[in-house]
């Protein structure tokens with residue numbers, strides 16, 4: 001990393017730690033205006049599918065570019081971390097958007113812009129860190145308990161996220177519209193197991209890579225998804241009088 005890049009990288013990292021709790025507090029008060037929480041007054045709109053692709057693909061591109069261009073060692077095991085990241089975001093950016101129902105749903109452009117800003121910077125910070133410190137992720141790293149714990153959490157969270165998505169994607173018949181209450185699987189316990197899966201994933205990532213930027217991403221994931229799950233849970237209860245009372249928002253039996 002050049003002398004010019006170091007202060008920029010560090011400034012982005014510090015800014016991320018400062019802005020994350022502010023974002024968390026803001027999102028507890030104001031639900032992001034897309035999906036079931038969509039409402040007027042947030043400016044121009046973009047189709048839901050296009051919005052998803054535009055928001056998620058920078059994570060694939062930014063991370064991949066800065067990882068590949070910065071990799072200067074012969075380390076091979078760092079590619080495990082690379083593969084995990086790209087597996088999640090290739091699915092999220094290139095597969096999932098084409099499985100959801102397009103219909104007339106849309107996302108505010110301003111939400112997409114902020115998401116692109118975040119995913120681009122986040123991809124840069126994580127990809128750059130791994131490429132610079134690739135020699136850390138050697139044979140000793142694979143035998144470290146943090147690798148096993150982080151990998152298991154990531155894979156479990158990814159599987160939970162995929163499973164929860166499958167239930168949602170098959171919740172309605174093709175000729176149906178509107179929302180229905182999901183049942184079965186992890187939805188027996190929480191309203192948003194897909195979000196829980198992502199929280200587990202990126203907590204696992206933070207343990208796996210054991211870096212300040214990995215920790216920052218886990219914090220940002222929580223800052224975004226905990227308020228979102230809280231809003232979803234409240235919405236379900238308001239819209240469906242018979243919504244299961246024992247079901248929690250995000251963490252089984254707790255929250």
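Observations, loosely collected:
- When we screen 83, 50 for residues that are at pLDDT 90 or above and under 18 Å from residue 119 (Cβ atoms), the only hit is 50.
- Residue 169 outside the structural domain of residue 87 (by TED's automatic domain parsing), more than 29 Å from residue 68 (Cα to Cα), within 20 Å of the chain's Cα centre (by Cα) and surrounded by fewer than 13 Cβ atoms within 10 Å (Cβ to Cβ): yes
- Note on region 18-47: among residues that are surrounded by 15 or more Cβ atoms within 10 Å (Cβ to Cβ) and under 17 Å from residue 222 (Cβ atoms), the one that is modelled with the lowest pLDDT is 32.
- Residue 75 meets all of the listed conditions (1) out of contact with any strand residue (DSSP E or B) (no Cβ under 7 Å at 6 or more places or on another chain); (2) surrounded by 14 or more Cβ atoms within 10 Å (Cβ to Cβ); (3) part of a helix (DSSP H, G or I); (4) not assigned by TED's automatic domain parsing to the domain that holds residue 223 but one, namely (3).
- Any hit, region 89-109, residues being over 15 Å from the mean Cα position of the chain (by Cα), in contact (Cβ under 8 Å) with a residue 60 or more places away in the chain, assigned to a helix (DSSP H, G or I) and closer than 23 Å to residue 229 by Cα: yes
The values are calculated or read from the model by the stated rules, or taken from the named source; none is laboratory data. Just so you know, these numbers come straight off a predicted model, no measurement behind them. Every residue, glycine among them, receives a Cβ derived from its backbone with ideal geometry; neighbour counts consider all protein chains shown.
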